[in-house]
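See below for the structure under consideration.
The values are calculated or read from the model by the stated rules, or taken from the named source; none is laboratory data. Everything quoted here is computed from the prediction, not taken from an experiment. Every residue, glycine among them, receives a Cβ derived from its backbone with ideal geometry; neighbour counts consider all protein chains shown. We work out accessible area using only protein heavy atoms, side chains counted, and drop any ligands, DNA or RNA first. Shrake-Rupley method; radii C 1.70, N 1.55, O 1.52, S 1.80 Å.
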Amino acid sequence: MLSLLIFIPIVVAIAIVLMGDKHAGKAYGLALLASLFVFAFALFVGIKFDPSLNQFQFVEQVNWITQFNIQYHLGIDGISYPLILLTSLLTPIVVVTSRTSPKQKYHQYLASFLIMEGLMIGVFCALDGFLFYLFWESMLIPMFIIIGLWGGNNRVYATVKFFLYTFLGSVFMLIALIYLYFKTGGYSISDFHSVPLSMREQLLIFLAFLFAFAVKIPMWPVHTWLPDAHVEAPTGGSVILAAILLKMGGYGFLRFSLPIAPDASAYLSSFMIALSLVAIIYIGLVAIAQTDMKKLIAYSSISHMGFVTLGAFVFFNIGTQTASSETMSLALTGAMIQMISHGLISAALFLCVGVMYDRLHTRLISGYRGVVNSMPKFATLMVFFVLANAAVPGTSGFVGEFTIILASFRMNLWVAFFAAITLIIGASYSLWLIKRVIFGKPLNERISGMQEMTVIEALPLVTLAFLVLSLGLWPAPLVEIMSTSIENLVNHITFSKL
Amino acid sequence: MYELSLIALITPLVGGLLAGLIGSKVNKSFTHWITTLGIFISFSISCWILVEVFLNPSLFLNQNIYEWMSIAGFNFKAGILIDHLTVSMMAVVTFISLMVHIYSIGYMHDDPGYHRFFCYISLFTFAMLLLVMSNNLLQLFFGWEGVGLMSYLLIGFWYKKESAIQANFKAFIVNRVGDMGLLLGIAVIFSIIGSLDYQTIFNSSTELVKAKISITNGYSVSAITLACLLLFFGAMGKSAQMPLHVWLPDSMEGPTPISALIHAATMVTAGVYMVARMSPLFELSSVALSVVLIVGATTALCAGLLGIVMCDIKRIIAYSTISQLGYMMVAAGVSAYSASVFHLMTHAFFKSLLFLAAGSVIIALHHEQDIRKMGGLKQYMPITYLAALIGSLSLIGFPGFAGFFSKDALIEAVAHSSTVGSEFAYYCVLIGVFVTALYTFRFLFMVFHGQTRFKGGEQIKESSWVILIPLILLSIPSILIAWPTFGVLVFGDFFSDSIRQISSYELFGFEYQSPLSFLIHSFSGPVIYLSVIGIFAAWVGYIKKPELPYKISNQFTTIHRVLVNKFYFDHFYENVIAKNTAKLGSAFWKFGDIKIIDDFLVNGTAIRIQKLSTITKKMQTGYIYHYALMMVIGLSLLLAWVIIKS
Amino acid sequence: MLALQSYLTLAAIVFAIGVMGIIINRKNIIILLMCTELLLLAVNFNFIAFSYFNQDITGQIFVFFILTVAAAEAAIGLAILVVLYRNKDSIDVQELQTLRE
């Protein structure tokens, strides 16, 4: 089952590349069909998925490289499934909107996205450390190509920066994985979870993983690749980058750092919280100062991902407080919801910027004013997503931040206070953006002459708006899917490994 | 009744969505009919429930609609709570909303955003109902932000106006500052009690009293005080209490019906409503009550003072609203929540009446808002004049009018209170009474009396009926509403199922008999005389000797400058806070991100490695004999090392 | 009968001459080639000396190998030289610097 999710897009991608660039229309249709099929398939997996089971499901396990005890081992639980669904949802959206974007090598562009989809699903499915690393690293290649080939003017700098940053991080992860291999005699993640480790080992492993995940999420101060990569990436690349690539860091924390090194996580939690709060406030302020729409959204992404790391590390001293495990569940659920919600909202915002960019070919805020006059429908959607970005209740953006603030208050007043400042800062940069771009008199004739969205542009935005709204009004189903897994995770973390 | 109240909640939403989604494809009458119908159904149900409640005082409903989410045993739900406070609020909100809907049919008639407007105000009504009908703090927060959001959209309704989009941005941000307090207050309660349900919170409020929350190492405050202070901070944002009041005068950039509905009658009173709703908690914290009292009293006086110097017709009423909200907070601060809520209701009627009358004037004068360019309108617009007069008399508390009862009752409560700060508050509200009368009649005299100061006087005519009917309908409760309800609501135990307060005798210090006896009783206090003096002062200054105000303002230039600059609050926020925040963000970006992280650490590392390699690459001369020499040297060193080691 | 030291000293002196020749010589590649031959010769001296004093025939066998390789190397080296001269019109060491960065 899961192998199909991974390999259907990859096989189709190869087929599209072989077709050559003469059949753009056919390539488009094929890619769309494949990605929609994968989405339907992921939904089907979701129907079969039993959220109440306290174990990995749809497990596939085959010996792969026996010398090193490496296995082809896949499986999903309540933490990975929502992210897989998000991936399979956003790929067709990217494919649909790609119709107008690149002029050259269109089939390769589509193929890159399909390959990305397969690899990303692989990351979320892998239960073998080596396999995980393989997917994690190989995913850099299509992203590298997407930014490097179809990016903006400064794309070489951005891609190299992106590549080196992430690569540097993952090298440390590889060291940790190899160490764990020597410790357990295999790469199975569940063995990693159960192996006892001394505090020193845990700290080193935690820091090694932290490098990889902190770069990916990204956390302050290793975040500067993201704004550059976003600015240079084509719209589809930005969408995937913001919506899914960043989530892999958060997923890594939940799958590796916390359960493998629980004592180290608890020991370093104040450090992690401090970094998260810096991300939330400092980066939020930086976002206010941006002049480029994509950069602004990129910085706001970093700020929002600060909530994910905050939620992941709302820790109590293990075993000292009775209410701790509930609060941790609350915080971790909040972190998960925040990831999903941010995936939807940031994707939508980048699509919105893409819609405007396609018309005026500038991303500068100063190049716009009064878009609402010529594109009222688009403006409505954009205002909606910007409000969701500012975490207005009723949108999914609110749910995660709300639960994380509640949970962090149970830990410390000031953590909650600083986290809550985002209500103000987030509203400031979000609403100031639409104040300058959407509202007002049209800046010039080019703006008053902008064409309203086409159906192809509107459809993805409406879909995302629907999801953002329904998650905001009724997050219970999503919470339901992951509750058992998160409880399981919390139970695991609260036991010391020493 | 659950189904009915659910319908009352949903119909404005349905109406608003229909108007917004398909209204522009059908036609204008569809839009206003569908939305007005929605509100009308909601209003009828509210009235029906109100009547039921009067007939059967034990009526009470607390039911969850659905589970929002549930994590690790914490349940978050959406639900409906119908008690006397809710029902009264529902009736007021839907009534004003209905009036504003009807009024807007005329007022917005030629506006290109007709459908959008009706969509927004219906959705606003939905959000407001969501807020007042909630049975838990989460849903309250939903409604709270919902009304804030609709207010944001409506202030910026004319999005081409630079000042409008500046004002709505400001309104949202300032509200967000308050909302942050509210959210943290909710978090305090949640962290101790583990639930957001009103009933659960009130039942275990003693836990809040016992619990301590540590601020710093070694210093902690009681959870109840912290919770109430934070909740009140939220109320300060929404109810425009100083120093978070700055957004309300600016919000007058929106269409006038909006000012009547949102920025006078309903949304801004949400803070007062919330404090009343949370009265079981506020009653447990005397510190919080004193803060409420002092902030309210300061706001009541200072905002009134600003009302005297404003020249924009809507801004005068806006400052008046802030001042009256201060009165409501004062009442809450001395634990007279029922008086506070009652003033909220009467204020809703007479203030929206005043706003709608002002709107009628504005539209007759083709969007002229400066009162210096009006005057003598009485003869052109008699009905509007009468409505404005009734509103003004009610506002200043003229004996017998609705505002009189509510305001007098709360001043009595302040006079009799022993809360810390109540003496200060008492003098503030007394001076406030004089100030209120002064600015109200200044406005009335300058707009309707004296000589005409506008052009084209002959074409000015009374507004159409669709505008006048709401004025007439609102005039009635502005005069009469207190007579039947005053005793029950303020002195009776009508709100006893929702508001916790001490008996009315302890609160007011005298036994209440009838409205008439209360009226007579009030002549023994200073309030009535103060307002009469205020009217007289206004008459002298603006009818008899119009040059007198200029002389006074020339005499006291400093005070005048401070007032005209609105105590420099806006100046401070814009030039100090907003500007420095932007500068800080820019500094963080340019210095922190670009200079330190990117240039020094990231690209810096690359550059340093490059420099290092330019140095080392010089060893690569290309001469074989150099390489040979190196090899020999290296070999010798290696040998030397081996020999020394052994 | 001479002592082992004498053979070793001679070998060391020959080796040193070879090394110095490589390092100091800046003129001609042919001299370089000759110097490498000297180095190999010095090694051969050592091999024979040790082989004799240790009564082990392996060393002498090795010398034969080295001599063959040295001959082959000289042949190839000269061949390269010829090609180099054809291409560059010079066999001056100072001018052969293309290995520089």
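From the list A:Leu36, A:Leu43, A:Leu5, A:Leu30, the lone residue that is under 19 Å from A:Ser98 (Cα atoms) and open to solvent by less than 80 Å² (accessible area, probe 1.4 Å) is A:Leu30.
Among the residues of the stretch B:583-597, those that are open to solvent by less than 40 Å² (accessible area, probe 1.4 Å) and either within 16 Å of A:Asp292 (Cβ to Cβ) or more than 9 Å from chain A (Cβ to nearest Cβ) (or both) comprise B:Gly585, B:Ser586, B:Trp589, B:Asp593.
With respect to (1) surrounded by 15 or more Cβ atoms within 10 Å (Cβ to Cβ); (2) assigned to a loop (DSSP other than H, G, I, E, B); (3) not aromatic (Phe, Trp, Tyr), the lone exception for B:Leu629 is condition (2).
A search for C-beta distances below 9 Å between a residue of the stretch A:232-247 that is within 10 Å of A:Leu90 (Cα to Cα) and at pLDDT below 90 and any residue that is open to solvent by 10 Å² or more (accessible area, probe 1.4 Å) and not in a helix (DSSP H, G or I), counting only pairs 6+ apart in sequence or on different chains, returns A:Gly236/A:Ser101; A:Gly236/A:Pro102. Under the condition of being over 60 Å from the mean Cα position of the chain (by Cα) and either at pLDDT below 80 or not polar (S, T, N, Q) (or both), the residues counted in the stretch B:591-645 number 31. Just wondering, is there one or more residues in the stretch B:242-259 that are surrounded by fewer than 24 Cβ atoms within 10 Å (Cβ to Cβ), among the polar types (S, T, N, Q) and either out of contact with any His (no Cβ under 6 Å at 6 or more places or on another chain) or in contact (Cβ under 8 Å) with a residue 24 or more places away in the chain (or both)? No - not one qualifying residue is present in the stretch B:242-259. Among the residues of the stretch B:357-372, is any of a type in the set (Lys, Arg) and open to solvent by 40 Å² or more (accessible area, probe 1.4 Å)? Checked against the condition, which is being of a type in the set (Lys, Arg) and open to solvent by 40 Å² or more (accessible area, probe 1.4 Å), the stretch B:357-372 yields at least one hit.
Can you spot a residue in the stretch A:104-127 that is within 30 Å of A:Ser198 (Cα to Cα), touching a Ser or Thr at 6+ places or on another chain (Cβ under 6 Å) and buried (at least 18 other Cβ atoms within 10 Å of the Cβ)? Looking through the stretch A:104-127, at least one residue is within 30 Å of A:Ser198 (Cα to Cα), touching a Ser or Thr at 6+ places or on another chain (Cβ under 6 Å) and buried (at least 18 other Cβ atoms within 10 Å of the Cβ). If the condition is being facing chain A (nearest Cβ under 7 Å) and either open to solvent by 10 Å² or more (accessible area, probe 1.4 Å) or over 19 Å from A:Ile434 (Cβ atoms) (or both), then the stretch B:169-187 contributes B:Phe169, B:Phe172, B:Ile173, B:Val177, B:Met180, B:Leu183, B:Leu184, B:Ala187.
Where helices (runs of 4 or more DSSP H) sit wholly within the stretch A:141-218, those with at least 3 residues that are of a type in the set (A, V, I, L, M, F, W, C) occupy A:155-184, A:199-216.
Looking only at residues in the stretch A:411-444 that are open to solvent by 50 Å² or more (accessible area, probe 1.4 Å) and either touching a residue at least 24 places away in the same chain (Cβ under 8 Å) or assigned to a helix (DSSP H, G or I) (or both), which one is nearest to the other protein chains (Cβ to nearest Cβ)? For the stretch A:411-444, the residue satisfying everything is A:Lys441. Among the residues here, B:Ser636 qualifies as surrounded by fewer than 15 Cβ atoms within 10 Å (Cβ to Cβ), within 14 Å of another protein chain (Cβ to nearest Cβ), part of a helix (DSSP H, G or I) and not β-branched (Val, Ile, Thr).
A residue that is under 29 Å from C:Ile57 (Cβ atoms) and either modelled with pLDDT of 90 or more or more than 14 Å from chain B (Cβ to nearest Cβ) (or both) occurs nowhere in the stretch C:28-36. Just one of the numbered conditions (1) surrounded by fewer than 24 Cβ atoms within 10 Å (Cβ to Cβ); (2) at positive phi is not true of B:Ser335: (1). Considering the stretch B:512-530, and only residues there that are closer than 17 Å to B:Gly492 by Cα and in contact with a helix residue (DSSP H, G or I) (Cβ under 6 Å, 6 or more places away or on another chain), the residue that is most open to solvent (accessible area, probe 1.4 Å) turns out to be B:Tyr512. Out of all the residues in the stretch A:232-254, which are in a helix (DSSP H, G or I) and open to solvent by 10 Å² or more (accessible area, probe 1.4 Å)? Those that are in a helix (DSSP H, G or I) and open to solvent by 10 Å² or more (accessible area, probe 1.4 Å): A:Glu232, A:Thr235. Does at least one position in the stretch A:347-359 carry a residue that is part of a helix (DSSP H, G or I), surrounded by fewer than 24 Cβ atoms within 10 Å (Cβ to Cβ) and within 14 Å of chain B (Cβ to nearest Cβ)? No, the conditions are met nowhere in the stretch A:347-359.
Here B:Tyr627 passes the criteria (1) in contact with a Cys (Cβ under 8 Å, 6 or more places away or on another chain); (2) within 14 Å of chain C (Cβ to nearest Cβ); (3) of a type outside the set (S, T, N, Q) except the one numbered (1). The single residue among A:Val372, A:Val392 that is among the aliphatic types (A, V, I, L, M) and part of a loop (DSSP other than H, G, I, E, B) turns out to be A:Val392.
Going through the stretch A:65-85 one residue at a time, which ones are open to solvent by less than 10 Å² (accessible area, probe 1.4 Å), assigned to a strand (DSSP E or B) and hydrophobic (A, V, I, L, M, F, W, C)? Correct list: A:Ile70, A:Leu74, A:Ile76. You will find that of B:Leu306, B:Leu301, the residue that is touching a residue at least 40 places away in the same chain (Cβ under 8 Å), in a helix (DSSP H, G or I) and under 29 Å from B:Phe518 (Cβ atoms) is B:Leu301 and no other. Selection of first residues in the stretch A:118-145 that are of a type in the set (S, T, N, Q) and of second residues that are modelled with pLDDT of 90 or more and assigned to a helix (DSSP H, G or I), restricted to Cβ pairs under 9 Å at least 6 apart or on distinct chains, gives the following pairs, ordered by first then second residue: A:Ser138/A:Ile115; A:Ser138/A:Leu119; A:Ser138/A:Gly122. Determine whether the stretch A:386-409 contains at least one residue that is within 8 Å of another protein chain (Cβ to nearest Cβ), farther than 26 Å from B:Phe74 by Cα, surrounded by 24 or more Cβ atoms within 10 Å (Cβ to Cβ) and at pLDDT 90 or above. Within the stretch A:386-409, one or more residues are within 8 Å of another protein chain (Cβ to nearest Cβ), farther than 26 Å from B:Phe74 by Cα, surrounded by 24 or more Cβ atoms within 10 Å (Cβ to Cβ) and at pLDDT 90 or above.
Being more than 12 Å from chain B (Cβ to nearest Cβ), free of Cβ contacts under 8 Å to residues at least 60 places away in the same chain and part of a loop (DSSP other than H, G, I, E, B), is that true of even one residue in the stretch A:445-457? I'd like the intermediate steps shown before the answer.
First pass over the stretch A:445-457, keeping only residues more than 12 Å from chain B (Cβ to nearest Cβ): A:445-447, A:449-457.
So of that shortlist, the ones also free of Cβ contacts under 8 Å to residues at least 60 places away in the same chain come out as A:445, A:454-455.
Right, trim to part of a loop (DSSP other than H, G, I, E, B) and you get A:454.
Yes, that holds for at least one residue.
Going by what's in this entry, would B:Thr31 be described as closer than 21 Å to B:Ile258 by Cβ, open to solvent by less than 40 Å² (accessible area, probe 1.4 Å), at pLDDT below 90 and not in a strand (DSSP E or B)? So B:Thr31 passes the test. Against the test of being away from every other protein chain (no Cβ under 13 Å) and surrounded by 16 or more Cβ atoms within 10 Å (Cβ to Cβ), the options C:Tyr52, C:Tyr7 yield a single qualifying residue, C:Tyr7.
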